[in-house]
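Colleague: Next up is a structure, given as structure tokens.
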Amino acid sequence: MAVVGLDMGNFSSYIGVARAGGVEVIANEYSDRLTPTYVTFDKSTRSIGQASKAMEVTNAKNTINNFKRLIGRRFQDSHVQQEKEFNAYAIVEGPNSSVNIEVDYLNERKRFTPEQIAGIMFTKLRQITDTELKTKAVDCVIGVPCYFTDAERRAMLDAAQIAGWNCLRLMNETTAVALSYGIYKADLPEQTEKPRLVAFVDMGYTSLQASIVAFNKGKLKMVATSFDPSLGGRDFDNLIMDVMRDDFQKRYKIDSYSTVKAKLRLRAECEKAKKLMSANVQPIPIGLECFIDDKDVN
């Protein structure tokens, strides 16, 4: 039985399997290789992945994302307090200063730990894997940020166990990136020669990791690693949002942050603009119909 590689990020998740002499990122039920790391609770059901992200605006207070930043942390942790300000759902203090997420589910107010939410997401990833491989997947390797503490790593293992995964190893994401580079390189120096130094920069949705790796044939060595756990793609989204908010206040006399729905709609539009700006030098339009008070803004 092949071992599956899992990458559960704060914004999206990926599944890698070994096939035809390489590693293939498999697709979900929507034929998409990216599965949003989102879980939504409703009166009678829960939605995961694409189905959950589609409900982010309409059911914001019960749609959970960015929960990876809460795993293995105490409620008073600065990262947890930062997430309280950023997310629409309720992050509350649980027993022994733990972190709980409070939602409306099955017509009740219920609390879940971040590990339980991650366990739900890992269950979804297992379902996708089982469907694609047409067998029951069990063994896996899970990528984690290089700055994860022992408590955070143990919490990830607990979450994987909830979903029935047998995690053989947690691998630092910086190491996984370097391995994916070196495994296919046929022109690396011999082991007796001077190694080739390569820099890797990994900017995710909420964090930044960078590493310098020395490569020889059949061998790699981590020379240096650095990171910022609080700088990621969403910080660029927020900067664009602030510019748009100021512009809309001046021209339309509205506050884009006045409601959760309006703020989430603006964030989604600014995220699209950021991606387009990354690949284009032309001005990128931002427009929202019936944004606030039935006003169209651009």
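Each value in this text was obtained by applying a stated rule to the coordinates, not by laboratory testing. The shown structure was predicted, so the numbers you read here are calculated from the model rather than taken from an experiment. Virtual Cβ from ideal backbone geometry, glycine too; neighbours counted across all protein chains shown.
Colleague: T259 to K219: FRET efficiency via 1/(1 + (r/R0)^6), r the Cβ-Cβ distance, R0 35 Å, to the nearest 0.05?
Modeller: 0.05
Colleague: Taking amide H positions as placed in the peptide plane 1.01 Å from N, state which residues far from S12 in sequence (5 or more) or on other chains have amide H under 5 Å from it.
Modeller: T37
Colleague: If I fit a long axis through the Cα atoms of helix 150-162 and take the longest principal axis of the Cα atoms of the chain, what angle between them do I get, 0 to 90°, rounded to 10?
Modeller: On a 0 to 90 degree scale, this one is about 80.
Colleague: By how many nm would the segment from D187 to D242 lengthen if fully extended, with 0.36 nm per residue of separation less the alpha-carbon distance?
Modeller: Using 0.36 nm per residue and subtracting the Cα-Cα distance, I get 15.1 nm.
Colleague: Mind giving me the FRET efficiency for E108 and T58? R0 is 25 Å, r the Cβ-Cβ distance, nearest 0.05 is fine.
Modeller: About 0.80, to the nearest 0.05.
Colleague: Could you give each residue of the stretch 280-285 its phi-based ³J(HN,Hα) in whole Hz, using Karplus coefficients 6.51, -1.76, 1.60 with θ = phi - 60°, and x for Gly or Pro?
Modeller: 9, 9, 7, x, 10, x
Colleague: Something else about it: Report, to the nearest 10°, how far helix 233-252 tilts away from the longest principal axis of the Cα atoms in the chain, using its own Cα long axis and a range of 0 to 90°.
Modeller: Taking the Cα atoms of the chain, the angle to 233-252 is about 20 degrees.
Colleague: Same structure, new question: Take every DSSP beta bridge whose two residues both sit in the stretch 4-172, then give the antiparallel share in percent to the nearest 5.
Modeller: 75 percent
Colleague: By count of other Cβ within 10 Å, fewest leading, how are M241, M203, M8 ordered?
Modeller: In increasing order of surrounding Cβ atoms, one gets M203, M241, M8.
Colleague: Give a residue-ordered list of calculated ³J(HN,Hα) values for the stretch 59-72 (Karplus: 6.51 cos²θ - 1.76 cosθ + 1.60, θ = phi - 60°; whole Hz; x for Gly, Pro).
Modeller: Taking θ as phi minus 60°, the curve returns 9, 4, 6, 10, 9, 10, 9, 6, 6, 4, 6, 9, 5, x Hz for the stretch 59-72.
Colleague: In degrees between 0 and 90, to the nearest 10, how far off the longest principal axis of the chain does helix 173-182 point, with axes built from Cα atoms?
Modeller: 50 degrees
Colleague: The chain: Rg/Rh from Cα coordinates, Kirkwood Rh?
Modeller: So for the chain, dividing Rg by the Kirkwood Rh gives 0.99.
Colleague: Structure shown: which of K194/K219; K84/K124; K84/K295; K124/K219; K61/K274; K263/K295 lie over 23 Å apart, alpha-carbon to alpha-carbon?
Modeller: Listed pairs above 23 Å: K84/K124; K84/K295; K124/K219; K61/K274.
Colleague: What does the extension gain come out to for V92 and L170, with contour length at 0.36 nm per residue minus their alpha carbon separation?
Modeller: Extending this stretch completely gives an extra 25.2 nm.
Colleague: Fewest Cβ neighbours within 10 Å first, please rank D294, D237 accordingly.
Modeller: Listing D294, D237 from fewest to most nearby Cβ atoms yields D294, D237.
Colleague: Kindly list the residues of the stretch 98-125 that lie in the label zone of K43, defined by a backbone N under 19 Å from the point 7 Å along the Cα-to-C-beta vector.
Modeller: Residues 103-110 qualify, since their backbone N sits under 19 Å from the label point.
Colleague: Arranged from highest to lowest average of other beta-carbon atoms within 10 Å per residue, in what order do the peptides 103-110, 149-156, 9-16 appear?
Modeller: 9-16, 149-156, 103-110
Colleague: Can you sort E56, E85 by how many other beta carbons sit within 10 Å, fewest first?
Modeller: Listed from fewest to most nearby Cβ atoms, that is E85, E56.
Colleague: Still on this model: Once phi is turned into θ = phi - 60°, what whole-Hz ³J(HN,Hα) does the Karplus curve with 6.51, -1.76 and 1.60 give for every residue of the stretch 218-225, x standing for Gly and Pro?
Modeller: x, 8, 9, 9, 6, 8, 7, 9
Colleague: Here is a follow-up. In percent, what relative contact order does the stretch 239-293 have, based on Cα pairs under 8 Å that are 6 or more apart in sequence?
Modeller: 30 percent
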